[in-house]
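Okay, so here's the structure we're looking at.
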């Protein structure tokens with residue numbers, strides 16, 4: 001099994017630093033989750049699971065959720081998107097819980113998602129494509145956090161503005177990762 005380097009920020013950066021950075025949800029290492037006694041997955045929707053506002057369920061996505069459920073993980077989609085019948089239908093097709101209309105990183109929405117999957121923050125992993133909503137909110141709650149690359153390039157206008165700041169934060173994380181990678185003799189780091 002590959003070694004996974006957990007990223008840790010310093011000072012205020014620790015709230016913006018995910019435990020792991022991965023290319024996509026499909027790279028999420030089940031052994032990494034098990035080693036940390038994680039039993040619940042809180043995942044973002046737009047540009048994490050599906051392209052922005054494209055709520056069709058792909059076979060690969062359905063299979064990913066099925067695998068998580070078969071492995072005993074409880075799941076919930078935590079999204080800032082407004083409630084809609086298409087999102088509700090998607091959640092039913094994926095057999096997962098749903099919290100819509102969240103205003104991440106506000107904590108009460110994360111608490112609501114944790115209640116739906118009956119998990120404490122220490123037992124949960126938040127997965128998303130944005131530092132200032134998914135990672136910050138998850139870290140504030142005390143959850144493990146995983147940052148994935150966004151799926152598409154279409155986004156809400158406000159998100160595009162926040163991405164400018166996010167790029168600066170990610171560059172800082174990359175500098176830290178490179179320094180840390182040199183200190184660990186090249187142990188693999190999920191990207």
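A few remarks follow.
- Overall form of the range 18-152 per C-alpha gyration tensor (a/c, 1.5; a/b vs b/c): rounded
- Extension reserve of the residue 149-residue 62 stretch, reckoned as 0.36 nm per residue once the Cα distance is removed: 29.4 nm
- By the count of other C-beta atoms within 10 Å, a proxy for reagent exposure, 71, 166 are ordered fewest to most as 71, 166.
Each value in this text was obtained by applying a stated rule to the coordinates, not by laboratory testing. Only a predicted model underlies this, so the values are computations on that prediction, with no experimental measurement involved. No Cβ is skipped: glycine too gets one built from the backbone with ideal geometry, and neighbour counts run over all protein chains shown.
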